[in-house]
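Only one structure is covered here, and it is reproduced in the block below.
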Amino acid sequence: MKHLLPGILWFALLVSSIENLRAHDDVADHLRLLDQAIERTPNKQSLYIERGALYSSEAGMHERALQDFRRAEQLGPPVAVAHPLGMLFFRTGDFAKARSYFDRYLEQFPGFAPAYEYRAKAAYRMGDKAKSMADYDAFFRLQKHINPGSYIDAAGVHASSNDERDIKAALSLLDQGMNRLGLNPELQRYAIRLELQRSQPDKAIQRLLGLKTLLKGSPAWQVDMAELLIETGRSAQAAAYLDAAEARLAKLRSTPARSDLAKKIRTLKGQPDPR
(Lines give C-alpha, C1' and ligand atoms only; values in the text may rest on other atoms or scores of the structure.)
Protein backbone atom coordinates (compact mmCIF):
# COMPACT_ATOMS: atom_id res chain seq x y z
CA MET A 1 0.00 0.00 0.00
CA LYS A 2 2.94 2.36 0.52
CA HIS A 3 3.26 3.09 -3.17
CA LEU A 4 -0.33 4.34 -3.17
CA LEU A 5 0.14 6.91 -0.40
CA PRO A 6 1.41 9.85 -2.51
CA GLY A 7 -1.64 9.46 -4.76
CA ILE A 8 -3.97 9.32 -1.79
CA LEU A 9 -2.50 12.49 -0.35
CA TRP A 10 -2.92 14.16 -3.72
CA PHE A 11 -6.62 13.26 -3.63
CA ALA A 12 -6.96 14.94 -0.24
CA LEU A 13 -5.25 18.08 -1.47
CA LEU A 14 -7.59 18.09 -4.44
CA VAL A 15 -10.60 17.71 -2.18
CA SER A 16 -9.47 20.52 0.10
CA SER A 17 -9.38 22.90 -2.86
CA ILE A 18 -12.87 22.06 -4.12
CA GLU A 19 -14.33 25.00 -2.18
CA ASN A 20 -12.49 27.33 -4.55
CA LEU A 21 -14.13 25.91 -7.66
CA ARG A 22 -17.26 28.01 -7.31
CA ALA A 23 -15.17 31.15 -7.52
CA HIS A 24 -13.42 30.08 -10.73
CA ASP A 25 -15.47 27.45 -12.58
CA ASP A 26 -19.09 26.89 -13.37
CA VAL A 27 -20.14 24.03 -11.11
CA ALA A 28 -22.62 22.56 -13.59
CA ASP A 29 -19.98 22.45 -16.33
CA HIS A 30 -17.47 20.88 -13.97
CA LEU A 31 -19.95 18.21 -12.92
CA ARG A 32 -20.77 17.50 -16.55
CA LEU A 33 -17.10 16.95 -17.34
CA LEU A 34 -16.77 14.62 -14.35
CA ASP A 35 -19.84 12.67 -15.44
CA GLN A 36 -18.29 12.18 -18.86
CA ALA A 37 -14.95 11.15 -17.37
CA ILE A 38 -16.65 8.58 -15.12
CA GLU A 39 -18.51 7.16 -18.11
CA ARG A 40 -15.19 6.64 -19.86
CA THR A 41 -13.36 5.26 -16.81
CA PRO A 42 -16.02 4.02 -14.36
CA ASN A 43 -13.53 2.39 -11.99
CA LYS A 44 -11.25 5.35 -11.32
CA GLN A 45 -11.42 6.20 -7.63
CA SER A 46 -10.15 9.76 -7.90
CA LEU A 47 -13.01 10.81 -10.18
CA TYR A 48 -15.63 9.72 -7.65
CA ILE A 49 -13.75 11.53 -4.90
CA GLU A 50 -13.58 14.72 -6.95
CA ARG A 51 -17.25 14.59 -7.95
CA GLY A 52 -18.32 13.69 -4.43
CA ALA A 53 -16.33 16.59 -3.02
CA LEU A 54 -18.05 18.95 -5.44
CA TYR A 55 -21.45 17.54 -4.51
CA SER A 56 -20.53 17.83 -0.83
CA SER A 57 -19.70 21.51 -1.14
CA GLU A 58 -23.08 22.25 -2.74
CA ALA A 59 -26.12 22.59 -0.47
CA GLY A 60 -28.70 19.88 -1.03
CA MET A 61 -26.37 17.45 -2.80
CA HIS A 62 -25.07 15.54 0.20
CA GLU A 63 -26.76 12.26 -0.67
CA ARG A 64 -25.12 12.24 -4.08
CA ALA A 65 -21.80 13.00 -2.44
CA LEU A 66 -22.20 10.09 -0.04
CA GLN A 67 -23.00 7.74 -2.92
CA ASP A 68 -19.84 8.78 -4.75
CA PHE A 69 -17.68 8.45 -1.64
CA ARG A 70 -19.05 4.99 -0.87
CA ARG A 71 -18.31 3.94 -4.44
CA ALA A 72 -14.81 5.41 -4.14
CA GLU A 73 -14.21 3.33 -1.00
CA GLN A 74 -14.85 0.22 -3.07
CA LEU A 75 -12.46 1.22 -5.85
CA GLY A 76 -9.30 1.95 -3.88
CA PRO A 77 -7.83 2.46 -0.42
CA PRO A 78 -10.70 3.61 1.85
CA VAL A 79 -8.37 6.00 3.67
CA ALA A 80 -8.31 8.10 0.49
CA VAL A 81 -11.97 8.90 1.12
CA ALA A 82 -11.73 9.49 4.88
CA HIS A 83 -11.03 13.24 4.70
CA PRO A 84 -13.79 14.07 2.19
CA LEU A 85 -16.21 11.94 4.19
CA GLY A 86 -15.22 13.89 7.29
CA MET A 87 -15.96 17.12 5.46
CA LEU A 88 -19.32 15.79 4.29
CA PHE A 89 -20.43 14.79 7.78
CA PHE A 90 -19.12 18.07 9.19
CA ARG A 91 -21.32 19.97 6.74
CA THR A 92 -24.36 17.88 7.62
CA GLY A 93 -23.83 18.46 11.34
CA ASP A 94 -22.82 14.93 12.31
CA PHE A 95 -19.71 16.10 14.15
CA ALA A 96 -18.97 12.82 15.94
CA LYS A 97 -18.90 10.93 12.65
CA ALA A 98 -16.92 13.73 10.99
CA ARG A 99 -14.32 13.55 13.74
CA SER A 100 -14.02 9.77 13.43
CA TYR A 101 -13.19 10.10 9.73
CA PHE A 102 -10.66 12.87 10.39
CA ASP A 103 -9.11 10.58 13.03
CA ARG A 104 -8.83 7.81 10.47
CA TYR A 105 -7.22 10.07 7.90
CA LEU A 106 -4.76 11.65 10.33
CA GLU A 107 -3.63 8.24 11.57
CA GLN A 108 -2.29 7.68 8.06
CA PHE A 109 -1.34 11.27 7.21
CA PRO A 110 -0.47 13.13 10.45
CA GLY A 111 0.96 16.08 8.53
CA PHE A 112 -2.20 17.06 6.67
CA ALA A 113 -3.08 20.42 8.22
CA PRO A 114 -6.66 20.98 6.92
CA ALA A 115 -7.90 17.85 8.69
CA TYR A 116 -6.70 19.26 12.02
CA GLU A 117 -8.60 22.49 11.49
CA TYR A 118 -11.91 20.77 10.75
CA ARG A 119 -11.38 18.21 13.48
CA ALA A 120 -10.86 21.17 15.83
CA LYS A 121 -14.14 22.71 14.66
CA ALA A 122 -15.95 19.40 15.12
CA ALA A 123 -14.53 18.95 18.63
CA TYR A 124 -15.66 22.45 19.63
CA ARG A 125 -19.18 21.78 18.39
CA MET A 126 -19.13 18.60 20.46
CA GLY A 127 -18.23 20.66 23.55
CA ASP A 128 -14.60 19.56 23.85
CA LYS A 129 -12.56 22.77 24.00
CA ALA A 130 -9.33 21.05 25.04
CA LYS A 131 -9.27 18.75 22.01
CA SER A 132 -10.35 21.61 19.79
CA MET A 133 -7.45 23.82 20.86
CA ALA A 134 -4.97 20.94 20.61
CA ASP A 135 -6.00 20.45 17.00
CA TYR A 136 -5.88 24.18 16.27
CA ASP A 137 -2.34 24.25 17.67
CA ALA A 138 -1.37 21.43 15.31
CA PHE A 139 -3.03 23.21 12.40
CA PHE A 140 -1.17 26.47 13.04
CA ARG A 141 2.09 24.57 13.35
CA LEU A 142 1.64 22.66 10.08
CA GLN A 143 -0.22 25.07 7.81
CA LYS A 144 2.04 27.40 5.85
CA HIS A 145 -0.57 29.85 4.57
CA ILE A 146 -3.26 30.68 7.11
CA ASN A 147 -6.45 32.66 6.63
CA PRO A 148 -7.09 35.26 9.36
CA GLY A 149 -10.48 33.65 9.90
CA SER A 150 -8.78 30.54 11.27
CA TYR A 151 -7.19 32.59 14.05
CA ILE A 152 -10.54 34.22 14.79
CA ASP A 153 -12.27 30.85 14.99
CA ALA A 154 -9.62 29.46 17.33
CA ALA A 155 -9.64 32.60 19.48
CA GLY A 156 -13.41 32.27 19.67
CA VAL A 157 -13.00 28.82 21.22
CA HIS A 158 -10.90 30.34 24.01
CA ALA A 159 -13.19 33.34 24.48
CA SER A 160 -16.43 31.35 24.53
CA SER A 161 -16.14 30.77 28.28
CA ASN A 162 -15.96 34.52 29.08
CA ASP A 163 -13.30 33.64 31.67
CA GLU A 164 -10.55 36.27 32.06
CA ARG A 165 -7.77 33.72 31.54
CA ASP A 166 -9.42 32.35 28.42
CA ILE A 167 -9.96 35.82 26.99
CA LYS A 168 -6.27 36.56 27.57
CA ALA A 169 -5.43 33.31 25.77
CA ALA A 170 -7.67 34.40 22.88
CA LEU A 171 -5.91 37.78 22.71
CA SER A 172 -2.53 36.07 22.78
CA LEU A 173 -3.56 33.87 19.87
CA LEU A 174 -4.78 36.87 17.87
CA ASP A 175 -1.48 38.62 18.52
CA GLN A 176 0.39 35.50 17.39
CA GLY A 177 -1.65 35.64 14.21
CA MET A 178 -0.70 39.26 13.63
CA ASN A 179 2.95 38.51 14.33
CA ARG A 180 2.76 35.88 11.62
CA LEU A 181 0.48 37.58 9.09
CA GLY A 182 1.26 41.19 9.82
CA LEU A 183 -1.08 43.77 11.36
CA ASN A 184 -4.53 42.69 10.24
CA PRO A 185 -7.70 44.79 10.68
CA GLU A 186 -9.93 41.72 11.00
CA LEU A 187 -7.84 40.22 13.80
CA GLN A 188 -7.28 43.54 15.52
CA ARG A 189 -10.98 44.42 15.50
CA TYR A 190 -11.81 41.13 17.18
CA ALA A 191 -9.07 41.82 19.71
CA ILE A 192 -10.63 45.23 20.37
CA ARG A 193 -13.99 43.59 21.13
CA LEU A 194 -12.28 41.22 23.53
CA GLU A 195 -10.45 44.08 25.28
CA LEU A 196 -13.81 45.78 25.82
CA GLN A 197 -15.31 42.50 26.98
CA ARG A 198 -12.71 42.31 29.73
CA SER A 199 -13.19 45.98 30.63
CA GLN A 200 -9.90 47.25 29.18
CA PRO A 201 -11.04 50.29 27.13
CA ASP A 202 -7.60 51.92 27.07
CA LYS A 203 -6.08 48.80 25.51
CA ALA A 204 -8.93 48.68 23.01
CA ILE A 205 -8.23 52.27 22.01
CA GLN A 206 -4.50 51.59 21.69
CA ARG A 207 -5.23 48.67 19.39
CA LEU A 208 -7.45 50.82 17.19
CA LEU A 209 -4.81 53.57 17.13
CA GLY A 210 -2.43 50.90 15.87
CA LEU A 211 -4.59 50.54 12.74
CA LYS A 212 -4.45 54.26 11.90
CA THR A 213 -1.43 54.07 9.60
CA LEU A 214 -2.57 50.84 7.96
CA LEU A 215 -5.99 52.32 7.21
CA LYS A 216 -4.46 55.69 6.37
CA GLY A 217 -6.61 57.48 8.92
CA SER A 218 -9.62 57.02 6.65
CA PRO A 219 -13.02 58.49 7.52
CA ALA A 220 -14.19 54.97 8.35
CA TRP A 221 -11.32 54.57 10.81
CA GLN A 222 -12.12 57.97 12.35
CA VAL A 223 -15.75 56.95 12.81
CA ASP A 224 -14.68 53.65 14.37
CA MET A 225 -12.49 55.58 16.80
CA ALA A 226 -15.31 57.97 17.62
CA GLU A 227 -17.69 55.09 18.21
CA LEU A 228 -15.20 53.40 20.52
CA LEU A 229 -14.64 56.64 22.44
CA ILE A 230 -18.39 57.14 22.85
CA GLU A 231 -18.77 53.57 24.05
CA THR A 232 -16.10 54.18 26.68
CA GLY A 233 -17.63 57.45 27.87
CA ARG A 234 -15.36 59.91 26.03
CA SER A 235 -17.86 61.78 23.89
CA ALA A 236 -15.87 65.03 23.84
CA GLN A 237 -12.90 63.29 22.25
CA ALA A 238 -15.22 61.44 19.88
CA ALA A 239 -16.67 64.69 18.56
CA ALA A 240 -13.32 65.76 17.11
CA TYR A 241 -13.00 62.49 15.20
CA LEU A 242 -16.55 62.78 13.88
CA ASP A 243 -15.94 66.34 12.70
CA ALA A 244 -12.73 65.28 10.95
CA ALA A 245 -14.43 62.32 9.29
CA GLU A 246 -17.32 64.52 8.13
CA ALA A 247 -14.94 67.09 6.67
CA ARG A 248 -12.98 64.44 4.75
CA LEU A 249 -16.12 62.81 3.42
CA ALA A 250 -17.32 66.17 2.08
CA LYS A 251 -14.27 66.27 -0.20
CA LEU A 252 -14.73 62.74 -1.56
CA ARG A 253 -16.92 61.48 -4.38
CA SER A 254 -20.22 60.16 -3.07
CA THR A 255 -20.70 56.38 -3.03
CA PRO A 256 -23.29 54.22 -1.27
CA ALA A 257 -20.74 53.22 1.36
CA ARG A 258 -19.73 56.84 1.99
CA SER A 259 -23.38 57.88 2.18
CA ASP A 260 -23.97 55.21 4.82
CA LEU A 261 -20.90 56.43 6.71
CA ALA A 262 -22.17 60.03 6.61
CA LYS A 263 -25.51 58.84 7.99
CA LYS A 264 -23.70 57.00 10.78
CA ILE A 265 -21.79 60.19 11.64
CA ARG A 266 -25.04 62.13 11.94
CA THR A 267 -26.46 59.40 14.16
CA LEU A 268 -23.41 59.35 16.41
CA LYS A 269 -23.38 63.12 16.73
CA GLY A 270 -26.87 62.97 18.13
CA GLN A 271 -26.17 60.00 20.38
CA PRO A 272 -26.13 60.78 24.12
CA ASP A 273 -23.21 59.69 26.23
CA PRO A 274 -24.18 56.23 27.59
CA ARG A 275 -22.44 57.09 30.85
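Quick notes on this structure:
- Hits in segment 24-57 - residues which are part of a loop (DSSP other than H, G, I, E, B) and either closer than 21 Å to GLU73 by Cβ or of a type in the set (Ser, Thr, Tyr) (or both): THR41, PRO42, ASN43, LYS44, SER57
- Matching residues, segment 74-97, being surrounded by fewer than 19 Cβ atoms within 10 Å (Cβ to Cβ), of a type outside the set (D, E, K, R) and part of a helix (DSSP H, G or I): GLN74, LEU75, ALA96
- Considering only residues in segment 21-39 that are under 14 Å from SER57 (Cβ atoms) and surrounded by 11 or more Cβ atoms within 10 Å (Cβ to Cβ), the one that is modelled with the highest pLDDT turns out to be LEU34.
Yes/no per residue for (1) open to solvent by less than 20 Å² (accessible area, probe 1.4 Å); (2) closer than 23 Å to ALA80 by Cα; (3) of a type in the set (A, V, I, L, M); (4) in a helix (DSSP H, G or I):
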residue	(1), (2), (3), (4)
ARG99	no, yes, no, yes
LEU106	yes, yes, yes, yes
GLY111	no, yes, no, no
PRO114	no, yes, no, yes
ARG119	no, yes, no, yes
ALA122	yes, yes, yes, yes
LYS131	no, no, no, yes
ALA134	no, no, yes, yes
HIS145	no, no, no, no
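- Any hit, segment 170-187, residues being crowded, with 17+ Cβ neighbours inside 10 Å and among the charged types (D, E, K, R): no
- Residue in segment 225-237 that is within 30 Å of PRO110 (Cα to Cα), part of a helix (DSSP H, G or I) and among the hydroxyl-bearing types (Ser, Thr, Tyr) present: no
- Among (1) modelled with pLDDT under 95; (2) open to solvent by less than 80 Å² (accessible area, probe 1.4 Å) - the single one ARG207 does not satisfy: (1)
- Members of segment 211-240 that are without any contact (Cβ under 8 Å) to a residue 24 or more places away in the chain and more than 32 Å from the chain's Cα centre (by Cα): ARG234, ALA236, GLN237, ALA240
The values are calculated or read from the model by the stated rules, or taken from the named source; none is laboratory data. This one's a predicted model, so the numbers in the text were calculated from it and none came from an experiment. As a convention, Cβ positions derive from the backbone with ideal geometry for all residues, glycine included, and neighbour counts pool all protein chains shown. Accessible surface is based on the protein model in full, side chains and every heavy atom, while ligands, DNA and RNA are left aside. Shrake-Rupley method; radii C 1.70, N 1.55, O 1.52, S 1.80 Å.
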